[in-house]
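In what follows, a structure is listed as structure tokens, so that the remarks can point back to it.
The values are calculated or read from the model by the stated rules, or taken from the named source; none is laboratory data. Computed from a prediction, not measured in an experiment: that's the story for all the values here. Positions of Cβ are backbone-derived with ideal geometry, glycine not excepted, and every protein chain shown enters the neighbour counts.
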Amino acid sequence: MMSIKEIKDRILGRSDEAAAPAAAATAQPIIMYSTRFCPYCMRARSLLQSKGWDYEDIPVDGDQARRSEMMQKSGRHTVPQIWIGDQHIGGCDELFRLEAGNQLESMVMGEKQ
Ligand SMILES: N[C@@H](CCC(=O)N[C@@H](CS)C(=O)NCC(=O)O)C(=O)O
């Protein structure tokens, strides 16, 4: 049975070794700038975790330098902002669009985009 902490961690999209199984490495690295409580970030995190993929989550909550870096790299100001390899794919909506179009896995697991 899951502990209250594990249930909370799941809901909040946190992952630690106790709460989540080890994630698998991907051919293309996945990077996501996010904030902890943004619902779009939580949805994106949840999709990536459901795939079992390892990804780098860069928190920008209260970190203006990181947020500026995200804005400069993406040209956008909302979170999340996600990259697969060198390719900026956008936010949560775009991530789910790729999944719905069966393109996400091949981008993540492909050698080149
Ligand atoms: N369509 C975007 C929506 C993202 C979004 O609106 N994120 C909110 C946080 S939940 C945000 O960054 N708001 C700050 C702003 O609009 O400047 C996506 O799918 O990622």
Subject >> Matching entry among Arg36, Arg66, Arg43 (being within 9 Å of the ligand (Cβ to nearest atom) and surrounded by fewer than 19 Cβ atoms within 10 Å (Cβ to Cβ)) >> reply: Arg43
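Quick check on my filter: what residues within the range 7-39 are of a type in the set (D, E, K, R) and modelled with pLDDT of 75 or more?
Looking only at the range 7-39, we keep the residues that are of a type in the set (D, E, K, R), and these are 8-10, 14, 16-17, 36.
Passing the criteria: only Arg36.
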Original post:
Looking at this structure, is Leu98 under 17 Å from Ala23 (Cβ atoms) and among the aliphatic types (A, V, I, L, M)?
Top reply: no
Original post:
If you scan the range 69-87, which residues turn out to be more than 14 Å from the ligand (Cβ to nearest atom) and either at pLDDT below 95 or polar (S, T, N, Q) (or both)?
Top reply: Gln72, Gln87
**OP:** Write out, first by first residue and then by second, each pair whose Cβ atoms fall under 8 Å of each other, whose residues are 6+ apart or on separate chains, and whose first residue, in the range 28-40, is free of Cβ contacts under 8 Å to residues at least 40 places away in the same chain while the second is among the aliphatic types (A, V, I, L, M) and more than 10 Å from the ligand (Cβ to nearest atom).
**Re:** Arg36/Leu12; Phe37/Leu12
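Could you list, in sequence order, the residues of the range 54-113 that are part of a loop (DSSP other than H, G, I, E, B) and touching a residue at least 40 places away in the same chain (Cβ under 8 Å)? Before the answer, list the steps.
First pass over the range 54-113, keeping only residues part of a loop (DSSP other than H, G, I, E, B): 54-55, 60-63, 75-80, 85-86, 91, 101-103, 110-113.
Correct list: Val79, Pro80, Gly85, Gly91, Gly110, Glu111, Gln113.
Would you check if Asp61 is more than 21 Å from Gln87 (Cα to Cα) and modelled with pLDDT of 95 or more? Give the derivation first.
On the way: more than 21 Å from Gln87 (Cα to Cα): yes; modelled with pLDDT of 95 or more: yes.
Yes.
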